[in-house]
Amino acid sequence: MANALKVGLAGVGTVGGGLLQLLAARGDALAALAGRPIQVVAVSTLEDRRNKSIDISAFRRVQDPVALANDPEIDVFVELMGGEGGVAKASVEAALRAGKHVVTANKALLAHHGTSLAKLAEKSGVALNFEAAVAGGIPVVKAIRESLQGNDISRVYGILNGTCNYILTRMERDGQSFAEVLKEAQAQGYAEADPTFDIGGFDTAHKLALLTSLAFGTEVSFDSVYIEGIEAITPADIEAADDLGYRIKLLGVALRTDSGIEQRVHPAMVPKHTSIAEVDGVLNSVAIDGDFVGEVVLVGRGAGGPATASAVTSDLIDIGRGHILPPFGAKASSLKPYKQAEMRAHEGGYYIRLSVYDRTGAFAAIASRMAEQGISIESIVQRRPRVELPGLDRSHKGSPAAVVMITHQTTEDAVRRALAAIERDGHVDAKPQMIRIEKL
């Protein structure tokens, strides 16, 4: 058997600890698969951020991750620290310049610097592997980069954040508010103390930017992703979706159009009968549309130590075998410049919820504003919540009523113009809610 593949590990938190456990538990089997033992020889970790349940006393400690990246004893630098810049970026760049292979789970780093890092890896003739950076244990990077190369991919979409999916699932099942479920998710460790990165859609956007590059052979362009989070979703929206035959999911969607690539992250209503609508809790799902293969749907754990460590290990096995591919499928030097489609030209149906004052002329004015933008209404209904709010007086003339409209196919630009005009008219007492109905 060949000499050991020697690994320097930066970051011994949840994922790093999981990796050490996996390598210890399956060392002989992994060596047989890789054709050589996979051996961690040194680690770098902050004392207050390491997994205290993992004993790292047997490994050589290197204080500075950049020094570890340059360590002559290692063949592969595994970066599990996180962060889009700083020491993570410096150490990965150092490793690539030093001719070390790199494995990382850092989606933020790659979303912001993926193209330049891929070029650096190509120049040095080494691997930059990141299966763990997108959807945890789901092997979507390999699926697109290797298994689906014979296809012309037109769309990639999915549920890419388990925290948001958990919150929306609980809101639907238990009828709780967003704030109530978020508090519970934080208590159970599914959401961070500052959950903005997840619930604001930014984590999904980082992953989507990488999938876009893999699917369409473009340079990574995180700044071109349109981002909405789930903070504005209410129990009323969840109820309406259920009655209309939909479920609400936070989706990341990358779509090739005649005018360019569309990248968007936002809540969407998806038909209940679709496979992605059935993905609940902390699970992730990614769907890929290819011209020959049709739709491929992958479902699994998108985060957590064991699942993410599984993906890191897969990348290490590839390197041990000498299976080195361009990070984004095509050579970094041949990645096409990203051409952004006009977001507001996106066409589809929309769910609109208005809180309308019950007074003469209000509904006529709203209908007029919709007609001005050429928006055709498929259905309109006045709704009451299933659970009445205590103290709510519905007898007062002029008090607002919840009105839900479903549009036929139209443009987002038209909907936004109509809603802005409706707000200016003063017939609603709150900002209108708009959720896309996604064609799947």
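Compute the FRET efficiency between Ala421 and Asp55 as 1/(1 + (r/R0)^6), taking r as their Cβ-Cβ distance and R0 = 60 Å, and round to the nearest 0.05.
Approximately 0.40, to the nearest 0.05.
What does the net charge come to around Lys142 if you take all other residues with beta carbon closer than 10 Å to its beta carbon, with K and R at +1 and D and E at -1?
Charge balance in the 10 Å sphere: -3.
Less than 11 Å from a label point 7 Å out along the Cα-to-Cβ axis of Glu84: which backbone N atoms in the range 211-242 qualify, by residue?
222-225
Can you run phi through the Karplus equation (6.51, -1.76, 1.60; θ = phi - 60°) for the range 56-63 and list ³J(HN,Hα) in whole Hz, with x for Gly and Pro?
Here the 3J(HN,Hα) series is 10, 5, 7, 9, 5, 8, 10, 5 Hz.
Considering all projection directions equally, how large on average is the shadow of the alpha-carbon convex hull of the chain, in square nanometres?
The Cα convex hull of the chain, projected and averaged over all directions, gives 22.8 nm².
In nanometres, what is the gap between the two model label sites at Leu325 and Ala2, each 7 Å from Cα along Cα-to-Cβ?
1.8
Counting Lys and Arg as +1 and Asp and Glu as -1, each charge on the Cβ, what is the dipole of the range 12-62 about the Cα centre in debye, to the nearest 20?
Its charge dipole is roughly 80 debye.
Given charges of +1 on the Cβ of Lys and Arg and -1 on the Cβ of Asp and Glu, with all other atoms neutral, how large is the dipole of the chain about its Cα centre, in debye to the nearest 20?
420
Gain in length, Ala67 to Gln382, computed as 0.36 nm per residue apart minus the alpha-carbon separation, to one decimal in nm?
Here the segment from Ala67 to Gln382 would lengthen by 107.0 nm.
Please give the contour-minus-distance gain from Glu184 to Lys439: 0.36 nm per residue of separation, less the Cα-Cα distance, rounded to one decimal in nm.
Full extension of this stretch gives 88.6 nm more.
Using the Karplus curve 6.51 cos²θ - 1.76 cosθ + 1.60 with θ = phi - 60°, work out ³J(HN,Hα) for each residue of the range 369-377 in order, rounded to whole Hz, and write x for Gly and Pro.
For the range 369-377, the Karplus curve yields 5, 5, 5, 4, 9, x, 8, 9, 8 Hz.
Quick one: which residues, 5 or more positions from Glu219 or on another chain, have an amide H under 5 Å from its amide H? H modelled 1.01 Å from N in the peptide plane, none for Pro or chain starts.
Lys336, Tyr338
Using only alpha carbon positions, build the gyration tensor of the range 70-225, then give the equivalent ellipsoid semi-axes as the square roots of 5 times its eigenvalues, largest first, whole angstrom.
31, 20, 13
How many times 2.2 N^0.38 Å is the alpha carbon radius of gyration of the range 140-301?
So the range 140-301 has a normalised radius of gyration of 1.04.
What's the magnitude of the charge dipole for the range 140-301 around its Cα centre, counting Lys and Arg as +1 and Asp and Glu as -1 at the beta-carbon? Answer in Debye, nearest 20.
400
Between the range 20-85 and the range 277-317, what's the alpha-carbon centroid distance in Å?
If you average the Cα positions of each part, the centres end up 24 Å apart.
Strictly over 30 Å apart at the Cα level, which of Lys52/Lys331; Lys183/Lys339; Lys207/Lys339; Lys183/Lys207 would you flag in this model?
Distance filter (> 30 Å) returns Lys52/Lys331; Lys183/Lys339.
A short reminder: the numbers here are calculations on the coordinates, not readings from a lab. Owing to the predicted nature of the structure, the values given are computational and were not obtained by experimental measurement. Every residue, glycine among them, receives a Cβ derived from its backbone with ideal geometry; neighbour counts consider all protein chains shown.
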